[in-house]
Amino acid sequence: MKQDAQMIATDQQERLFLSLAEQLSQTFLHLARVAEAAPIGDAAKQLEQWSLVHDVAESAMLLTESYALNARLVQHLIHPQLEPVTISSLLYDATQQLAPLAKRYGIELQIADLPKMSLIMSDRVVLQSALVSLGQVFIAAEAENEVKRPLQLAAHHSRYGIVAGLYAEGSELSTDAFRRSRSLYGTARQPLTRLTSGPATGVFIADNLLHAIAAKLHVARYHNLTGLATTLPVCNQLQLV
Amino acid sequence: MKILLIEPDAVLAATYVTALEAAGHSVAYAHTAQQAVMLADEQKPGLVILEPQMARHNGIEFLYEFKSYPEWQRIPVIILTSVPPSELEKLSVLRSQLSVVAVLGKSKTSLADLGATVASAVPRAKA
């Protein structure tokens, strides 16, 4: 039984690595073509191309760091560090990290008006990495649309805890499609075709990161928006602090 | 030559547009299949460059639909894709029914290679 669980975990990590490799090959393709196009334009255009190279590389580094964090957690080289976390500051910091990429693609990032929320006990670094990885995919996906709609980072109370995630208007994500994509990443070229044409690696890194801290990524709705979110249990003890 | 570029990846599309415009072509760029149909109607392109790997659409199905319009049946198509070309070349209908003149893998096709393929497709587009 234990061996079976280990085999499944190893298979998942191998598929995640394949997915990352595919995502990074896209990044290298961007860098190669931008470098090739750079000498064609004038000085202003060349400066713009250098700035694009910078943003593409920064985004790939963030994704690779999130992957490495997940790998260390899975291999028990590090362990989740539980601490009281304020959801609003978590969403704010994730937005700050995503802002340059969103600006590059002309996507507006919004933080929903958050009601006063209870603290949760979780690993802040892991949660933030998961949100940023998710955000990278949502931004790239929105950039593929003809009309670019704002993305919203939001949190709300549910009967199971605080639901925090990323939402987009007109998203065609569904629970079934997301469940299917879990068995496809790393092997299919477009595991989440309802969201993006690419490998959507950030979504699966986020899924694995959340799994490592006993949380779960799921399709969620917020007002008229659909997205991916995680439900974090409220810590009753912290209510007394 | 008016070219319709259908490419979901905005970063790559910008580099293709830069290179093709520098070679003297006029490029209309569509992110999505829906937008491509509208642009084709407006711009009357002489050549289409297509990435069939799109979100929410199957690019080959889109090409069938595109080619169902009589006025677009003779427009040559270059497929420029992340899918290994060997996989797509198995589809014999591409050349026989859908006027695909070349299938290029993105990772192996430099901007100069793309320019050369477009230049060789131009006489067919004018014929």
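The values are calculated or read from the model by the stated rules, or taken from the named source; none is laboratory data. As the structure is a prediction and not an experimental result, all values here were calculated from the model. As a convention, Cβ positions derive from the backbone with ideal geometry for all residues, glycine included, and neighbour counts pool all protein chains shown. Ligands, DNA and RNA are stripped out before the accessible areas are found, and what is left, the full protein with its side chains, is counted by its heavy atoms. Shrake-Rupley method; radii C 1.70, N 1.55, O 1.52, S 1.80 Å.
What the table below lists for this structure:
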read-out: Rounded percent of accessible protein surface that carbon and sulfur make up, segment A:43-135, 1.4 Å probe; value: 58 percent
read-out: In degrees, nearest ten, helix A:43-74 long axis to first principal axis of chain A (Cα); value: 30 degrees
read-out: On Cα atoms only, tilt of A:124-143 relative to the major axis of chain A in degrees; value: 40 degrees
read-out: Charge-dipole axis of chain B as Lys and Arg at +1 and Asp and Glu at -1 on Cβ define it, positive-most pick from B:A116, B:L50, B:H25; value: B:A116
read-out: Within 10 Å of each Cβ in A:187-196, the average number of Cβ atoms from other chains; value: 3
read-out: Inter-chain shielding of B:12-19 (mean C-beta neighbours from other protein chains, 10 Å cut-off); value: 5
read-out: Segment A:190-241 shape via C-alpha gyration tensor axes, a/c threshold 1.5; value: oblate
read-out: Surface/4 estimate of mean projected area, convex hull on alpha-carbon atoms of segment B:1-109, nm²; value: 6.3 nm²
read-out: Segment B:79-85 - phi-based ³J(HN,Hα) in whole Hz, Karplus 6.51/-1.76/1.60, Gly and Pro as x; value: 8, 10, 9, 7, 6, x, x
read-out: Cα pair count fraction exceeding 18 Å, expressed as % - segment A:61-198; value: 61 percent
read-out: For segment B:48-127 and segment A:14-66, distance of Cα centres in Å; value: 25 Å
read-out: Accessible area of segment A:119-241 divided out per residue, in Å², using a probe of 1.4 angstrom; value: 40 Å²
read-out: Total charge dipole magnitude, the protein assembly as shown, about the Cα centre, Cβ charges on Lys, Arg, Asp, Glu only, Debye to nearest 20; value: 520 debye
read-out: Heavy-atom accessible surface of segment B:46-127: percent carbon and sulfur, 1.4 Å; value: 53 percent
read-out: Exposed GluC sites (Glu not before Pro) absent: longest stretch of chain A, with sites in DSSP loops and at most 13 other Cβ within 10 Å deemed exposed; value: A:1-107
read-out: Cα convex hull of the protein assembly as shown, projected area averaged across orientations, nm²; value: 20.7 nm²
read-out: Restricting segment B:22-127 to trypsin sites (Lys or Arg not before Pro) in coil, as DSSP defines it, with at most 14 other Cβ within 10 Å; value: B:R74, B:K90
read-out: Cα-based Rg of segment A:1-59 normalised by 2.2 N^0.38 Å, two decimals; value: 1.81
read-out: Point-charge dipole on Cβ atoms (K/R +1, D/E -1) for segment A:104-241, about Cα centre, debye to 20; value: 300 debye
read-out: Residue order for B:M38, A:M121, A:M7 - accessible surface, 1.4 angstrom probe, largest first; value: A:M7, B:M38, A:M121
read-out: Solvent-accessible area buried by pairing B with A, both sides, nearest 100 square angstrom, 1.4 angstrom probe; value: 2200 Å²
read-out: Dipole moment magnitude, nearest 20 debye, segment B:40-127 about Cα centre, only Lys, Arg, Asp, Glu C-beta charged; value: 240 debye
read-out: In segment A:89-141, the trypsin sites (Lys or Arg not before Pro) that fall in loop regions by DSSP, at most 16 other Cβ within 10 Å; value: A:K116
read-out: Solvent exposure ordering (accessible area, 1.4 Å, most first) of A:T10, A:T95; value: A:T10, A:T95
read-out: Relative contact order, percent, chain B [alpha-carbon distance under 8 Å, six or more residues apart]; value: 25 percent
